[in-house]
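**Q** Mind looking over this structure? Questions follow.
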Amino acid sequence: MKDLFDRVPPVALNIWKKLPTGLREKYLNNYECAACGKSSAIENFNLELWDKDLAVRGHCSSCGKEVLRICALPEHIIPRPNLKLMRSWQTDVRHMFPAGTPIKALHPKMREKAAVWAAIVRLVRENPTEDLWDSTDIVCFGRIERIRCGHSLLVMLSEDKESIGWWCETCGENGDLYGWQEITLPISL
Ligand SMILES: [Zn+2]
Ligand SMILES: [Zn+2]
């Protein structure tokens, strides 16, 4: 169990802990493995939060192949009732910063977000051995009742390293950054 706490993003882990034990067992057992056809358990699993579903990624206890199970979360356990109304920013940063565009050259409406996304990419690049930062000094640009949220963002690198997910536990603002390996970061703000 300690192992689980080390590898699962805190948001997903909190939700997992709120699930009734029976439901957790259901999600981990009686998995119909497509590779070996056996009814198996999911071992060495990790958890990911996919919008309103929980994804359990692990290995089939019978054949060892990687498996992925999407578990719909009970309505009362979904972290934030307004989550579905919350926009999820899907950003290809290659379009954002062509050839190292300075942030001040961007449209004024995009500067605040661009500065946050540049900081996230910088954080991930500077820490190549890590994949989860549960408290960063990168500040959320979300608004709660028109006041800037200002809480610390959570950042996680996807397993295939293709995208960087970011999330604010306070206001629910969230998104994914793509193309982050290929950009030249803005040199100046
Ligand atoms: Zn199997
Ligand atoms: Zn926020």
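**Q** Among the residues of the stretch 116-132, which ones are in a loop (DSSP other than H, G, I, E, B) and over 12 Å from the mean Cα position of the chain (by Cα)?
**A** ASN127, PRO128, THR129, GLU130
**Q** Write out, first by first residue and then by second, each pair whose Cβ atoms fall under 7 Å of each other, whose residues are 6+ apart or on separate chains, and whose first residue, in the stretch 129-144, is of a type outside the set (Phe, Trp, Tyr) while the second is within 16 Å of ligand 1 (Cβ to nearest atom) and part of a loop (DSSP other than H, G, I, E, B).
**A** If the second residue must be within 16 Å of ligand 1 (Cβ to nearest atom) and part of a loop (DSSP other than H, G, I, E, B), no pairs are left.
**Q** Go over the candidates THR101, THR129, THR184, THR170 one by one and state the one that is closer than 30 Å to ARG57 by Cα, modelled with pLDDT under 85, out of contact with any Ser or Thr (no Cβ under 8 Å at 6 or more places or on another chain) and surrounded by fewer than 19 Cβ atoms within 10 Å (Cβ to Cβ).
**A** After applying the criteria, what remains is THR170.
The values are calculated or read from the model by the stated rules, or taken from the named source; none is laboratory data. What you see is a predicted model; the values in this text were computed from it and never measured. Every residue, glycine as well, gets a Cβ built from its backbone with ideal geometry; the counts of neighbours run over all protein chains shown.
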